[in-house]
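In what follows, a structure is listed as structure tokens, so that the remarks can point back to it.
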Amino acid sequence: MRWALTRLRAAIDVTAYPLALPGADEARQLGSALRAQLADYLLPRLARLDAPLLVVVGGSTGAGKSTLVNSLVQARVSSVGVLRPTTRSPVLVCSPLDAAWFRQGELLPGLTRTTAPGDQPDTLHLVTAPALPAGLAFLDAPDIDSVVDANRALAAQLLAAADLWLFVTTAARYADAVPWELLHTARLRGTAIALVLDRVPPAATDEVTAHLVEMLAEHQLGAAPLFVLPETVVDGQGLLPGRLTEPLRSWFGRLAADSEARAAVIRQTLDGAVAALGPAVDSLATAADQQANAAQALDERVRSGYRGARRSVEEALRDGRLLRGEVLARWQEFVGTGELFRTLEARVGQLRDRLVAAVTGRPAPNAQLRSAIESQLVTLLRESAATAAEQTAAAWQTHPAGAALLTSELSRPGEDLPERAERLVRDWQRGVLELVRAQGGDKRFVARSAAYAVNATGLAVMIAVFASTAFIPTGLEVAAAGGTTVAAQKVLEAIFGDQATRNLATRARAELLGMVDRLFDEEAARYLARTATAGVDAGHGDQLREAARLVDAARAGAAETAGAEAR
């Protein structure tokens with residue numbers, strides 16, 4: 001059983017709920033409570049089933065818990081007073097024979113042991129009382145409804161570490177909601193419970209007691225022992241009259257003297273606490289799944305946004321928009337006159353001679369064309385990246401977890417995007433020239449034309465990449481751009497042939513889109529890093545379920561073994 005609980009604790013430890021989702025706060029609180037119960041009670045108790053039975057005394061503010069503890073051990077071990085809350089640092093009182101066990105710190109290891117009173121909630125004041133029999137200890141916990149948050153949290157932690165809960169309430173407050181919430185939790189956990197109804201006016205004893213018994217039955221707690229203490233005055237030491245506390249002291253005395261009775265209480269609470277882990281862990285697993293699903297949904301919104309950016313670039317390459325304006329003018333200037341486009345189809349055979357003449361004559365303005373292509377591509381990349389960043393930010397803003405992760409920087413492209421876009425285009429242009437050089441290495445034309453022919457042909461490849469020959473949009477300028485593409489293809493076909501031309505354009509286009517993918521992947525990574533840094537793991541829900549299954553199997557095995565021994 002211990003190894004199964006240890007594994008469960010490890011699974012709970014590594015599972016986080018960082019995304020701002022409904023229920024995430026509750027999951028974090030539940031996970032923290034389960035970790036505390038495993039460390040504070042279940043693992044230490046399983047390691048020492050023969051350790052003294054721990055009775056945690058809890059109740060509402062002013063219920064008289066400290067006075068009751070002092071009266072039960074017949075010594076003033078826990079401070080009382082009119083100021084509330086009185087109990088701040090919890091007080092554990094035990095027999096001197098049991099002090100070593102509690103001093104070791106295996107139980108409630110997160111609390112520092114002290115031998116002097118204090119007001120620090122992270123300390124445990126240890127006191128010994130000779131009148132208290134061995135095998136039994138009382139822990140006076142802070143008020144369950146304390147106005148101090150730390151006190152309420154500590155009270156819940158201590159109650160989860162109890163072998164037996166002794167709830168103290170009064171005739172005036174027994175119907176308050178907070179105690180009943182905790183009693184309901186105790187019942188669900190299978191924890192052993194006893195109740196003390198304190199400060200009951202004699203005239204109202206029968207009425208109040210009957211009503212409380214009725215409420216206990218309604219909450220399925222009718223079997224819990226109930227002790228009624230009438231309203232009275234304390235003696236000079238602040239203790240209740242012995243005759244009034246005698247029934248309760250006798251009950252605890254019999255429990256301390258009977259090791260089998262103590263063991264039965266411990267087994268009941270221990271088994272109930274282990275059984276209650278299953279539904280609680282299932283809730284954690286569901287919350288972990290929701291975290292993983294949310295992280296995946298956020299990541300998909302990012303990828304969708306940048307897939308859209310990629311599509312916009314691809315469409316721009318296909319529909320001819322990149323061949324408008326400056327690029328179109330520079331291309332016309334580069335090859336000659338606009339008349340060339342109207343007569344090029346009938347004069348393909350003359351094109352090679354015209355280009356060779358251009359090499360030996362006045363150089364064409366290829367640098368201006370190359371610069372225009374670069375500027376047009378960079379502008380397209382920057383606009384597409386900006387649109388993707390804005391759309392992704394808007395998509396995240398509509399998701400509760402995404403809105404919490406968003407920063408103002410994410411809604412804009414990365415600061416260095418312009419430089420990276422420019423570098424991408426220049427690298428692509430150089431790559432195109434390398435493709436031309438490799439493709440035309442055995443062509444007499446390229447060899448004769450040397451570097452100028454490579455540059456000119458490379459520019460023609462770039463122009464050919466910028467529009468689809470299967471669809472040329474209408475409109476005066478776009479139609480001219482379509483003619484530009486046809487012209488560029490005819491230039492390439494005259495040099496390399498039909499198939500080689502298609503291969504060149506296809507490769508150049510694929511390499512450009514591959515580089516664009518990497519650029520947008522880098523932009524998307526700014527978003528994806530936010531979800532990755534959150535630390536959500538898609539497998540944590542299944543790990544929790546598997547750990548809970550192992551605990552259930554170990555519990556079933558232990559019950560079977562105990563049954564066999566009893567027979």
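Taking the stretch 194-217, which residues are part of a helix (DSSP H, G or I), in contact (Cβ under 8 Å) with a residue 24 or more places away in the chain and within 28 Å of Leu54 (Cα to Cα)? If the condition is that a residue be part of a helix (DSSP H, G or I), in contact (Cβ under 8 Å) with a residue 24 or more places away in the chain and within 28 Å of Leu54 (Cα to Cα), then Leu212, Met215 are the ones that fit.
The listed residues are Leu38, Leu49, Leu42, and the only one of them that is in contact with a helix residue (DSSP H, G or I) (Cβ under 8 Å, 6 or more places away or on another chain) and open to solvent by 10 Å² or more (accessible area, probe 1.4 Å) turns out to be Leu49.
Within the stretch 176-193, the set of residues being outside any helix (DSSP H, G or I) and either among the small types (Gly, Ala, Ser) or under 22 Å from Thr245 (Cβ atoms) (or both) comprises Gly190, Ala192, Ile193.
Taking the criterion of being touching a Ser or Thr at 6+ places or on another chain (Cβ under 9 Å) and within 25 Å of Ser32 (Cβ to Cβ), would at least one residue in the stretch 194-213 satisfy it? No, that holds for no residue. Looking for something part of a helix (DSSP H, G or I) and closer than 30 Å to Leu550 by Cβ - is there at least one such residue anywhere in the stretch 303-319? No, the stretch 303-319 contains no residue that is part of a helix (DSSP H, G or I) and closer than 30 Å to Leu550 by Cβ. A residue that is open to solvent by 10 Å² or more (accessible area, probe 1.4 Å) and of a type in the set (Asp, Glu) occurs nowhere in the stretch 159-167.
Here the condition is being closer than 25 Å to Leu229 by Cα, open to solvent by less than 20 Å² (accessible area, probe 1.4 Å), polar (S, T, N, Q) and at pLDDT 90 or above; of Ser78, Ser71, it holds for Ser71 alone. Note on the stretch 168-178: among residues that are in contact (Cβ under 8 Å) with a residue 60 or more places away in the chain and open to solvent by 10 Å² or more (accessible area, probe 1.4 Å), the one that is nearest to Gln37 (Cα to Cα) is Val178. If I ask for residues that are in contact (Cβ under 8 Å) with a residue 60 or more places away in the chain and over 22 Å from the mean Cα position of the chain (by Cα), which ones from the stretch 384-408 would you list? Those that are in contact (Cβ under 8 Å) with a residue 60 or more places away in the chain and over 22 Å from the mean Cα position of the chain (by Cα): Ser384, Ala385, Thr387, Ala388, Ala389, Gln391. Kindly evaluate Ser250 against the criterion of being open to solvent by 40 Å² or more (accessible area, probe 1.4 Å) and assigned to a helix (DSSP H, G or I). For Ser250, the condition - open to solvent by 40 Å² or more (accessible area, probe 1.4 Å) and assigned to a helix (DSSP H, G or I) - is not met. Restricting attention to the stretch 168-188, the residues that are of a type in the set (Asp, Glu) and over 33 Å from the mean Cα position of the chain (by Cα) total 1. Kindly indicate whether any position in the stretch 262-282 is in contact with a helix residue (DSSP H, G or I) (Cβ under 6 Å, 6 or more places away or on another chain), open to solvent by less than 30 Å² (accessible area, probe 1.4 Å), more than 23 Å from Gln157 (Cβ to Cβ) and among the β-branched types (Val, Ile, Thr). Within the stretch 262-282, not a single residue is in contact with a helix residue (DSSP H, G or I) (Cβ under 6 Å, 6 or more places away or on another chain), open to solvent by less than 30 Å² (accessible area, probe 1.4 Å), more than 23 Å from Gln157 (Cβ to Cβ) and among the β-branched types (Val, Ile, Thr). Name the residues in the stretch 89-118 that are open to solvent by 40 Å² or more (accessible area, probe 1.4 Å) and under 22 Å from Trp165 (Cβ atoms), would you? Hits for the stretch 89-118 are Glu106, Pro109, Gly110. Residues in the stretch 126-166 that are under 14 Å from Val93 (Cβ atoms) and within 37 Å of the chain's Cα centre (by Cα): Leu139, Asp140, Ala141, Leu158.
Among the conditions (1) surrounded by fewer than 20 Cβ atoms within 10 Å (Cβ to Cβ); (2) closer than 30 Å to Gly31 by Cα, the only one that Ala294 does not satisfy is (1). Quick one: what pairs do we get from the stretch 514-535, first residue closer than 14 Å to Gly414 by Cα, second at pLDDT 95 or above and among the charged types (D, E, K, R), C-beta under 6 Å, 6+ apart or different chains? Note: pairs meeting the criteria are Phe520/Arg310; Leu528/Asp299. For the stretch 24-114, the helices (runs of 4 or more DSSP H) that sit wholly inside it and include 3 or more residues that are within 30 Å of Val551 (Cβ to Cβ) and without any contact (Cβ under 8 Å) to a residue 12 or more places away in the chain are 24-37.
The values are calculated or read from the model by the stated rules, or taken from the named source; none is laboratory data. Please read these numbers as outputs of a predicted model, since none were measured by experiment. Every residue, glycine among them, receives a Cβ derived from its backbone with ideal geometry; neighbour counts consider all protein chains shown. Please note that ligands, DNA and RNA were not included when accessible areas were found on the heavy atoms of the full protein model with its side chains. Shrake-Rupley method; radii C 1.70, N 1.55, O 1.52, S 1.80 Å.
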